[in-house]
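One structure below.
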Amino acid sequence: MAPNILITGGSGYLGGSLLANLKPANLPSHGCIFAAVRKPEQAEAVKQYNVMPLTLDLDDADGTTKAIIDNEISVIFFLVDAIKSQTQLTMIKALAEVKKKTGNEVHFLHTTGAKMFSSHVGHPTDKPLLDTDPKLYDIQKSHQGPFDIMNTALSTNNIVIDAAEARGVRCYIFAPCIVYGKGEGFGNKISIQTVAIVQAARALQQVYKTDPGNPTWPVCHVYDNTTLYLQILRKILEGEEIGYGKNGYFLASSGSVPWNDLYAAMARALAQHGAVDDEAVKEADEGVLKKMGEALKCSPDFVAVQLAGTCAYTAEHGKRIGWVPKYSAEHILEAASAEVELILKHQAA
Ligand SMILES: NC(=O)c1ccc[n+]([C@@H]2O[C@H](COP(=O)([O-])OP(=O)(O)OC[C@H]3O[C@@H](n4cnc5c(N)ncnc54)[C@H](OP(=O)(O)O)[C@@H]3O)[C@@H](O)[C@H]2O)c1
């Protein structure tokens, strides 16, 4: 039976971009593609992508389970919550029931984030940490950082893998990184970390760096992030075994750039828009960190988690399954002006 697919988070930045690119992707033979929604206007909006809206309250475990089993969904892409694990567990259990009922192989993709492979959760940063590293699961299990919320998100990756393995569900741990570019869906059009840089800079009328040295972080244009989701889906539909569970990590990134270069490029653009006093990038002291925290609605010590840190996580798995990113890592620096403009427009709206 051709597999039915459920995509969640379709009103979001990543999920909307995924929905918008389903048609041009010309996927191999499949059953119905459902998009999880929670409002009538979202149900209406997703129809433009030739997908079937499925109204779900993801906090309702029974309702979610029933919808997955009744609709015989055997592939779920989860793009909603990188931190908690309850909904993912519900979905994995339901997929196992669908496998029993239909005999189909079942697949669950969890969207985490590059932060869960970085200095913020005590991961090694002294050399590239490949997403194909056979020790990655052990590294994820044995490292933690100073923030409970980050450790919870890290544990979620492990919980998903353990639960899926115990129930015969093939799972994939998909990590977006600094994603940039205009979202292509009907809902949210802007990202997270670039937005945090702009938000803090506007509040202080200056771009500030929080970390010493020249730390780097992986980056990815939203289009390339989308095409990795699609390449995984394509391979699943072709019945190819691409590595799953403890070998199912994927980083969506075309390479890394130094935060300092990104700050400088964004500071130039912010200065051109009159959103900061000048284009200099200054070092944050305690008082500045406090104000940045107020702007980002977090404690001063959490500011760096939002717009700094070191991440040596390196994308290899996607390339092995035929994913070819279109944009180089350095493109984010060339695109900084457009990114700033997009964010400023959104914040003014
Ligand atoms: N964007 C990035 O650069 C990036 C980087 C790394 C990791 N991630 C992770 O990837 C995931 C998606 O990111 P995003 O940028 O696309 O986020 P987003 O634009 O904020 O979208 C979040 C999506 O999740 C849905 N959602 C949230 N809570 C829900 C709930 N309780 N029940 C049902 N749906 C719910 C939202 O639906 P509504 O519209 O109905 O609220 C929306 O469709 C997040 O977990 C994020 O942390 C993103």
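Throughout, read-outs are computed from the coordinates displayed, never taken from laboratory work. Treat the numbers as computed from the prediction; the structure is a model and nothing was measured. Note: ideal-geometry Cβ built from the backbone for every residue, glycine included; neighbour counts use all protein chains shown.
Ranked highest first by the average count of other Cβ atoms within 10 Å around their residues, in what order do 43-50, 250-257, 102-109 fall?
Numbers: 43-50: 15.8, 250-257: 24.2, 102-109: 20.6.
Answer by packing, highest mean first, reads 250-257, 102-109, 43-50.
Quote the charge dipole size of the chain about the Cα centre in Debye, to the nearest 20; the model charges only the Cβ of Lys and Arg (+1) and of Asp and Glu (-1).
Computed charge dipole of the chain: roughly 620 debye.
Does region 41-122 come out rounded, prolate or oblate, given a ≥ b ≥ c as the square roots of the eigenvalues of its C-alpha gyration tensor, rounded meaning a/c under 1.5 and, failing that, prolate meaning a/b above b/c?
oblate
Relative contact order of the chain, please, whole-number percent, based on alpha carbon pairs below 8 angstrom and at least 6 residues apart.
After rounding, I find 20 percent.
Over all distinct Cα pairs, what is the inverse of the mean 1/r for the chain, reported as the Kirkwood hydrodynamic radius in Å? Walk me through the numbers on the way to the answer.
Values: mean 1/r = 0.0485 Å⁻¹.
Evaluated over the chain, this radius sits at 20.6 Å.
Please rank 162, 285, fewest neighbouring Cβ atoms within 10 Å first, as an exposure proxy.
Ordered from fewest to most neighbouring Cβ atoms within 10 Å, 162, 285 come out as 285, 162.
What Rg and what Dmax come out for region 21-66 when only alpha-carbon atoms are used, in angstroms?
12.2, 35
Which of 69, 343 comes first, and how do the rest follow, when ranked by fewest Cβ neighbours within 10 Å?
Neighbour counts put them in this order, fewest first: 69, 343.
State the antiparallel share, in %, of DSSP beta bridges confined to the chain, rounding to the nearest 5.
Details: 4 of 35 bridges.
The antiparallel fraction comes to roughly 10 percent.
Which value, in Å³ per residue, describes the convex hull spanned by the Cα atoms of region 227-315?
Numbers: hull volume 14.1 nm³, N = 89.
Spelled out: Cα convex hull of region 227-315, divided by residues, is 158 Å³.
How do 292, 150 line up, fewest other C-beta atoms within 10 Å first?
Final ranking by Cβ density, sparse to dense: 150, 292.
What does the convex hull of the alpha-carbon atoms of region 125-276 project to on average, in nm²?
Over every viewing direction, the Cα hull of region 125-276 projects on average to 11.4 nm².
Hey, got the dipole for region 139-242? About the Cα centre, +1 on K and R Cβ, -1 on D and E Cβ, debye to the nearest 20? All intermediate terms of the calculation are to be shown ahead of the outcome.
Details: 9 positive and 9 negative charges, 65 e Å.
The dipole magnitude comes to about 320 debye.
By the gyration tensor of its Cα atoms, with a ≥ b ≥ c the square roots of the eigenvalues, what is the shape of region 270-349: rounded for a/c under 1.5, prolate for a/b over b/c, or oblate?
oblate
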